[in-house]
Amino acid sequence: MITQTVSTPTGDVSLAIDAAAAPTAVVTLAHGAGADMHHVFMREVAARLAARGLTCVRHQFPYTEAARRRIDPKPVLVATIGAVVEHVRAAWPTLPLFIAGKSMGGRMATWLAADSELPGVRGVILLGFPLHPRGAVSTERAAHLPRLTLPSLFVHGTRDELGAIELLRTVLPPAARLHVIEHADHGFAVLKRSGRTGDAVLDELADAVTTFVTDVTRGTVRT
């Protein structure tokens, strides 16, 4: 793993790069609200993507960089992802670029992609889209998704308490692909009685991401 820093409008943030041996694409990965880029989920996903030929660039937000508990305002979060995207595009100018995020990080990536021109970015990847707060069912957080025209992949568990699969299907943008992971919750954890293991779930997630990236770069993406 390689560590770097990147300048953002509100200060420097750290990057962690899991480099593929022979990369076919590069994926930025933003963390969710309850963790940072060092969380085991982030590390395990990045390692699996790198093993499948996708260089993965995890990054902090300003509030996690400063070890603050209060989450940054949305404009700061979105601008941070934008700065990371610019840095990664300059560092790997010949590789297809995808932006991804877990939960809140993915939601902020969709805001960036919906409202900005992103030259070189080929798609957006959402790992557990937080459609609504726990116990407050709504689709308000998806109001911007119709403006998301880039190919997108939503990886979502059937036990996700922040958005049921059936409700998520009603708000997916036109160019979206949905990959459903059976028995997984919002954090992609599974119950023992499901017969599945955490490693199997993460392998399925990484395979879904890799297939999506391959299909988009080859021009054969189907939703």
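Numerical summary
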| read-out | value |
| --- | --- |
| All positions within the range 158-178 that are basic (Lys, Arg) and touching a helix residue (DSSP H, G or I) at 6+ places or on another chain (Cβ under 7 Å) | ARG177 |
| Checklist (1) in contact (Cβ under 8 Å) with a residue 60 or more places away in the chain; (2) in contact with a strand residue (DSSP E or B) (Cβ under 8 Å, 6 or more places away or on another chain); (3) not in a helix (DSSP H, G or I) applied to GLY187, failing item | (2) |
| Looking only at the range 141-169, and only at residues there that are within 24 Å of VAL216 (Cβ to Cβ) and either free of Cβ contacts under 8 Å to residues at least 12 places away in the same chain or among the hydroxyl-bearing types (Ser, Thr, Tyr) (or both), the one that is surrounded by the most Cβ atoms within 10 Å (Cβ to Cβ) | SER152 |
| Residue check, VAL137 touching a residue at least 12 places away in the same chain (Cβ under 8 Å) and either in a helix (DSSP H, G or I) or closer than 28 Å to ALA25 by Cβ (or both) | no |
| Positions within the range 190-223 being out of contact with any His (no Cβ under 7 Å at 6 or more places or on another chain) and assigned to a loop (DSSP other than H, G, I, E, B), in sequence order | GLY195, THR197, GLY219, THR220, VAL221, ARG222, THR223 |
| Scan of the range 173-223 for residues that are in contact with a Gly (Cβ under 8 Å, 6 or more places away or on another chain) and of a type in the set (Gly, Ala, Ser), ordered by number | ALA184, GLY187, ALA189 |
| Hits in the range 84-100 (condition: of a type outside the set (A, V, I, L, M) and touching a Lys or Arg at 6+ places or on another chain (Cβ under 8 Å)) | PRO96, PHE98 |
| Sole residue being in contact (Cβ under 8 Å) with a residue 12 or more places away in the chain and in contact with a Ser or Thr (Cβ under 7 Å, 6 or more places away or on another chain), chosen from ALA100, ALA50 | ALA100 |
| Residues of the range 170-222 classified as more than 24 Å from ALA50 (Cβ to Cβ), of a type in the set (Ser, Thr, Tyr) and either surrounded by fewer than 13 Cβ atoms within 10 Å (Cβ to Cβ) or modelled with pLDDT of 95 or more (or both), total | 1 |
| Of residues in the range 114-143 being among the small types (Gly, Ala, Ser) and within 12 Å of the chain's Cα centre (by Cα), the one nearest to ASP185 (Cα to Cα) | GLY128 |
| 1 or more residues over 30 Å from ALA200 (Cα atoms), among the hydrophobic types (A, V, I, L, M, F, W, C) and in contact with a helix residue (DSSP H, G or I) (Cβ under 6 Å, 6 or more places away or on another chain): qualifying strands (runs of 3 or more DSSP E) within the range 6-121 | 11-18 |
| Test: residue in the range 147-168 that is in a helix (DSSP H, G or I), within 21 Å of GLY34 (Cβ to Cβ) and either among the aliphatic types (A, V, I, L, M) or more than 16 Å from the chain's Cα centre (by Cα) (or both) | yes |
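The values are calculated or read from the model by the stated rules, or taken from the named source; none is laboratory data. Given the structure is predicted, the values throughout are model-derived calculations rather than measurements. Positions of Cβ are backbone-derived with ideal geometry, glycine not excepted, and every protein chain shown enters the neighbour counts.
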